[in-house]
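What follows is a structure written as structure tokens; I'll ask about it next.
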Amino acid sequence: MPRHRTVRVAPDVPRGVEFAIATGVAELRDEPDGTTFLWVNGVPSSPLDPDPDALAFEYMRHLSAAVDAWGAPPRMLALHVGAAACAFPRHLAHRLPDSGHIAVDVDATLPELVRAWWDLPRAPRLRIRAQDGLEAVATRRDESLDLVVRDAFAGDSTPAALASPEWWAHAARALRPGGLALANVGTRPGDRTAAADVAAAREALGDVVAIGEHAVLKGRRRGNVVIAAVRGGSLDPGALRRYAASAPLPTGVTTDWAG
């Protein structure tokens, strides 16, 4: 599909200017290729690309590959914990027009700005709420979701409550049998926080597949790893390895990543 570079995101919004949000500041920055990035508190948070098929962040491409390997039901309902600019919910809503998405963010102001800044699907296709990420899964009915995506950070780390056994247990409970849970895990050499996160995911859901750059998976370099788990089932690692073989960066897939 061609990239629609003639469309600009929020053309009247000044770049490099900090906008006050409930949890700090947000700003837009343009890249030479036409992509606009949302920065939150000095950290790149979301790419805003005119083409909903385009995913500038490598970890978002891993998320999308995991959804492909899972085989999403066309009319699925997904909960995204950590809305930011809703780049990934927008991507899935475009690829699966009959799907529904709920995106929650702890910041009450940011969703309002994001809605004003670029073209997001409207409710009921995409509903954006200001809500705590643990509360978002804890208040879901049993077996009411097909997909849960966790992509929430405070600075460059996942909040402890969202990487806890409690969060993962609620995510598993809220998923329908065969439902998929995905999480973007930030990791760095010598930091054992990710290990506890992955262990909690395995305790709640069983088999966990990890996707990331080889050096990051081996604990040699800082980066992001996507972990995926299916309630009552498993993903086909072979399908993900075929994806990894064609990825722009040297990417690995493993079922025994310990964080």
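The values are calculated or read from the model by the stated rules, or taken from the named source; none is laboratory data. As the structure is a computational prediction, the values presented were derived from the model and not from experiment. Neighbour counts are summed over all protein chains in view; Cβ atoms, including those assigned to glycine, are modelled from backbone coordinates with ideal geometry. In case anyone asks, the SASA skips ligands and DNA or RNA and just uses the protein heavy atoms, side chains included. Shrake-Rupley method; radii C 1.70, N 1.55, O 1.52, S 1.80 Å.
Only residues in segment 209-236 that are free of Cβ contacts under 8 Å to residues at least 24 places away in the same chain count as the first member; pair them with residues that are open to solvent by less than 10 Å² (accessible area, probe 1.4 Å), Cβ under 6 angstrom, at least 6 apart or cross-chain, and list the lot.
none
What strands (runs of 3 or more DSSP E) completely inside segment 1-94 contain at least 2 residues that are open to solvent by less than 70 Å² (accessible area, probe 1.4 Å), among the polar types (S, T, N, Q) and more than 21 Å from Leu180 (Cα to Cα)?
Filter on segment 1-94 gives 43-48.
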